[in-house]
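The values are calculated or read from the model by the stated rules, or taken from the named source; none is laboratory data. Because the structure is a prediction, the values reported are computed rather than measured. Cβ: placed from backbone, ideal geometry, glycine included. Neighbour counts: every protein chain shown.
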Amino acid sequence: MARRLLQLLALAVAVAVAIGAGTLVRRHLEGPDPVDTVRAATRAYATGDCSALKEVSETPVDVRCSDVTQIRDSYRSQGLRPSTFAYDLVARQGDVATVRISYERDGTPQEEIVRLERRAGDWKIAPPVSSFG
C-alpha cells in the first residue's frame with residue numbers, strides 16, 4: 001500500500017513538472033503574455049513613465065506624455081494602484097488578444113477592456129477602434 005502511494009505521488013510530481021516545463025517553453029517561444037503587456041502599461045500610467053508606455057504601445061508616436069502625466073495624477077487622486085488590479089485574458093486568436101482589467105474605484109467595481117496585437121513577437125497595446133455612428 002505504501003509503495004503504491006509513493007508511486008502515485010511520484011507520478012503526480014512528474015506530471016506537475018512536465019506541465020510547468022511545457023508552460024515555460026511555450027512562454028519562451030511565444031514571448032511575453034498579453035496580460036504582462038497590459039500590466040506594464042498600467043504601471044507606466046501609474047508612475048507617469050511615458051517611455052515605458054511607448055515601449056508597449058503599437059503606435060508610440062500617438063502616446064502623449066502630458067496625457068500619461070494626467071492619468072498618473074488621476075490614479076493618485078483616486079487611490080488607484082495597479083498592484084491591486086485583476087488582469088484576465090478574455091480572448092486570444094492568432095496575433096490579436098483582449099485583456100480585461102478589473103478594479104474598484106470608490107467601492108464600485110470597474111472594468112476596462114484592452115485590445116492588443118502581436119508585432120514582431122511582442123504584444124503591443126492597439127489603438128482604440130473608432131466607431132462611426
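Figures for the structure shown
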| item | result |
| --- | --- |
| Output for the range 75-97, where each listed residue is free of Cβ contacts under 8 Å to residues at least 40 places away in the same chain and under 21 Å from Ser57 (Cα atoms) | Tyr75, Arg81, Ser83, Ala86, Val90, Ala91, Gln93, Gly94, Asp95, Val96 |
| Any hit, the range 66-76, residues being under 12 Å from the mean Cα position of the chain (by Cα) and buried (at least 17 other Cβ atoms within 10 Å of the Cβ) | no |
| Segments classed as helices (runs of 4 or more DSSP H), wholly inside the range 1-109, with at least 3 members that are modelled with pLDDT of 95 or more and closer than 30 Å to Ala120 by Cα | 34-47, 50-55, 65-78 |
| Selection count where residues are exposed (fewer than 13 other Cβ atoms within 10 Å of the Cβ) and either closer than 19 Å to Asp49 by Cα or free of Cβ contacts under 8 Å to residues at least 60 places away in the same chain (or both), scope the range 105-126 | 10 |
